[in-house]
Amino acid sequence: MSESAVSSFVRRELIPERAAPVEMVGLIGFLRTRLFNSPVNIFLTLASLVLLWFVVVPTVEFLLVDAVWSGKDRTACLAENVGHPVGACWPFVEAKFGQFIYGFYPEQERWRVNLTFFLGAVLLLPLLIPRLPAKGLNAGLFFAAFPVVAFFLLRGGGLDGFGVSWVTNLLSGFAAGIGDLGQTLRRAGEATANIGPLLQLLGHLVSLLGAAISLLIWPLVWLNGHIQNSSRPVWVDLVATTILVSLILFLLGGGFRAGWRMLMGSLATFAGIGLVIATMGLDRGGLPLVDSGLWGGFLVTMVVSVTGIVTSMPIGIALALGRRSTIPLIRLFSTGFIEIWRGVPLITVLFFATYMLPLFLPGNFRVDGLVRALIGIALFSGAYIAEVIRGGLQAIPRGQGEAANAVGLSWWQTTALVVMPQALRHVIPGLVNSFIGLFKDTSLVSIVALFDLLGQVHASFADPVWATPSTMFTGFAFAGIIYFVFCFGMSRYSLFVENRLNAHRK
């Protein structure tokens, strides 16, 4: 045997792993590699510690250590009565808590607000948990059924009719408006010498158009008259609407060949509507009316923010697609809308929607003040969302759309199934950032006499029973905590969704 063969050695077992150096793992490793690994980081770490010392310590002392936790009036929060410097006056928040949450909503009716919050949470939480099933049904209930139920819960009132009555009144008003326009043009033609004959001719044509529309809707007018003369107009109208809508959907869905699924879905939907009407007594006047001027506090903050977030998404998607459209008229309209609404501050939008919009409406047409503010906020936020979504659309390679077209997908299918999901995934941080900004901007509605959470907190300072040096800081601290909890929650959930949808990039 040779000397090289004797001296050779091949290990048959792996050497056990050695532990990492102490200075690279654990607390010591974190401090060494993250906080004190360079002179600049050492300076930044020390400066941050000093800043936290001067900010966090006084905040904790004000909110917890030196705070007053019980009392019935301002005397409990005065330093001469407590014997030490007074921090937060939490009895003030406890005494005004109902005002902060409900505003001036009648106390005996506040169960309706609590039920609305509960239903919203019950329907929203399953949408936020990915593993729970029936997302389509849950989304339909939250985005379609819940707003209607919440409206009648919070505002009250009942129904005088249903679909047939609403459509008939809308079309009758439209036909009457066209007829009035024709008469106005004819009178203007009689008073004008130069273009009088042309105006009279135009007036006759417009009047004929109004008469033609009135003739076309005569069957609906006849049906609505019989419905209103019945003993139970709401239920008769609901049955008539169910029959008409279900029949139309059955025919559009393929008739006897493939329309049964749409027919059953329509019947189930109207059955649910009937159940809601019977449960809430909407055919008998419903719940007592509560004017929106009595709403306030956290209730207004949630109504404005949730409505703005939910309605701004479809508006933003439509505007983003319109701005990228190849049809010049749609592209110019979308671009002009976005630039105009993004070119004015939200305060101007609220003032216009609250005080100027009624001047452009017919004399017998009234829109609630809260609804006007909601419309202005939805359009304003939709313009910003449109630009965020447009950025996501531009990040999608052209080959995605071309591949979808190659397999026979239409433009709508390509947009809904291929392009838009990828675009929304790219812009999740920007969308949530806009939603957080909208949630905080709800405080601006105070300038148009709508008292949100911050407005109610500010209004409560005028109560002399709780006038102390720390009352104002306590109220703002309470409002700040609520805003932080909701904004931080939206931020963390968006991070979870982003990581889940982008798992293929890791």
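The values are calculated or read from the model by the stated rules, or taken from the named source; none is laboratory data. Treat the numbers as computed from the prediction; the structure is a model and nothing was measured. As a convention, Cβ positions derive from the backbone with ideal geometry for all residues, glycine included, and neighbour counts pool all protein chains shown. Ligands, DNA and RNA are excluded from the accessible area calculation, which covers all protein heavy atoms including side chains. Shrake-Rupley method; radii C 1.70, N 1.55, O 1.52, S 1.80 Å.
Using a Cα-Cα cut-off of under 12 Å, which aspartates and glutamates could be cross-linked to K440, ignoring same-chain neighbours fewer than 8 residues away?
Within the straight-line cut-off, K440 pairs with D452.
Which of the cysteines in the chain are isolated, no other cysteine C-beta under 4.7 Å?
If one checks each Cβ against the other cysteines of the chain, C487 turn up with nothing under 4.7 Å.
Find how much the distance from F43 to F488 grows on full extension, using 0.36 nm per residue of separation minus their present alpha carbon separation; answer in nm with one decimal.
Contour length minus the Cα-Cα distance gives 157.3 nm.
Just to confirm the number: angle between the C-alpha axis of helix 146-155 and the first principal axis of the chain, 0 to 90 degrees, nearest 10?
The helix 146-155 is inclined about 80 degrees to the chain.
Tell me the angle of helix 196-216 to the major Cα principal axis of the chain, expressed in degrees between 0 and 90 and rounded to the nearest ten.
80 degrees
Take the Cα gyration tensor of region 385-506, multiply each eigenvalue by 5, square-root it, and list the three semi-axes largest first, rounded to whole angstrom.
With the √(5λ) rule applied to region 385-506, the semi-axes are 46, 16, 8 Å.
Measure off 7 Å from each Cα along the Cα-to-Cβ vector at A19 and R34, then give the distance between these two points in nanometres to one decimal.
Rounded to a tenth, the inter-label distance reads 2.1 nm.
Measure nothing but the geometry: give the 0 to 90° angle between the long axis through the Cα atoms of 218-228 and the longest principal axis through the Cα atoms of the chain, rounded to 10°.
Helix 218-228 sits roughly 80 degrees off the main axis of the chain.
Which net charge results for the neighbourhood of I377, defined as the other residues with beta-carbon distances under 12 angstrom from its beta-carbon, given Lys and Arg at +1 and Asp and Glu at -1?
It works out to a net charge of -1.
For I436, tell me the accessible area in Å² from a 1.4 Å probe, rounded to the nearest 10.
For I436, solvent-accessible area is about 30 Å².
Which trypsin sites (Lys or Arg not before Pro) does region 21-104 hold that lie in a coil by DSSP with at most 16 other beta carbons within 10 Å?
On the way: sites: R32, R34, K72, R74, K96; in loops: K72, K96.
In loop regions of region 21-104 (DSSP not H, G, I, E or B), the sparsely surrounded trypsin sites (Lys or Arg not before Pro) are K72.
For the chain, what number results from the quotient of the Cα radius of gyration and 2.2 N^0.38 Å?
Rounded to two decimals, the normalised Rg is 1.35.
Quick one: ranking E17, E107 by accessible area, 1.4 Å probe, largest first, what do you get?
Solvent-accessible surface, decreasing: E17, E107.
Sort region 28-167 into rounded, prolate or oblate with this rule: let a ≥ b ≥ c be the square roots of the eigenvalues of the Cα gyration tensor; rounded if a/c is under 1.5, and if a/c is not under 1.5, prolate when a/b is larger than b/c, oblate otherwise.
Oblate, because a/c is 1.5 or more while a/b does not exceed b/c.
Using a 1.4 Å probe on the protein chains only, how many percent of the accessible area of the chain belongs to carbon and sulfur?
70 percent
Work out the FRET efficiency for I129 and A403 from their Cβ-Cβ distance, taking R0 = 51 Å, and round it to the nearest 0.05.
Working: r = 33 Å, r/R0 = 0.64.
Calculated value: 0.95.
As a test question: what accessible area, to the nearest 10 Å², does V239 have when a 1.4 Å probe is rolled over all protein chains in place?
Its accessible surface works out to 80 Å², give or take rounding.
For the chain, what is the calculated [θ] at 222 nm in deg cm²/dmol (nearest 500), taking -39500 (n - 2.57) for each run of four or more DSSP H residues and dividing by its residue count?
Helices in the chain give a 222 nm mean residue ellipticity of -21000 deg cm²/dmol.
Pull out the extension gain between F333 and W222, defined as 0.36 nm times the separation in residues minus the alpha carbon to alpha carbon distance; nm, one decimal. Write down the numbers at each step before the final one.
Details: separation 111, 0.36 × 111 = 39.96 nm, distance 3.96 nm.
That works out to 36.0 nm of additional length.
Per 0.36 nm of contour for each residue apart, how much would the distance between R284 and R232 grow if the chain were fully extended, relative to their Cα-Cα spacing?
The span from R284 to R232 would gain 17.8 nm if fully extended.
What figure, in Å² to the nearest 10, do you get for the accessible area of S410 with a 1.4 Å probe and non-protein molecules left out?
My reading of the accessible area for S410 is about 50 Å².
With labels modelled as points extended 7 Å from the Cα through the Cβ direction, what inter-label distance (nm, one decimal) is found for S172 paired with D368?
Computed distance between label sites S172 and D368 equals 2.4 nm.
Kindly report the accessible area of the chain per residue (heavy atoms of protein chains, probe 1.4 Å, no ligands, DNA or RNA), in Å².
I get 61 Å² per residue for this part.
Keeping all protein chains in place and using 1.4 angstrom, which order do L51, L329, L171 fall into by accessible surface area, from largest down?
Ranked from most to least accessible, the order is L329, L51, L171.
Sort W218, W466 by heavy-atom solvent-accessible area, probe 1.4 angstrom, most to least.
Accessible-area ranking of W218, W466, largest first: W218, W466.
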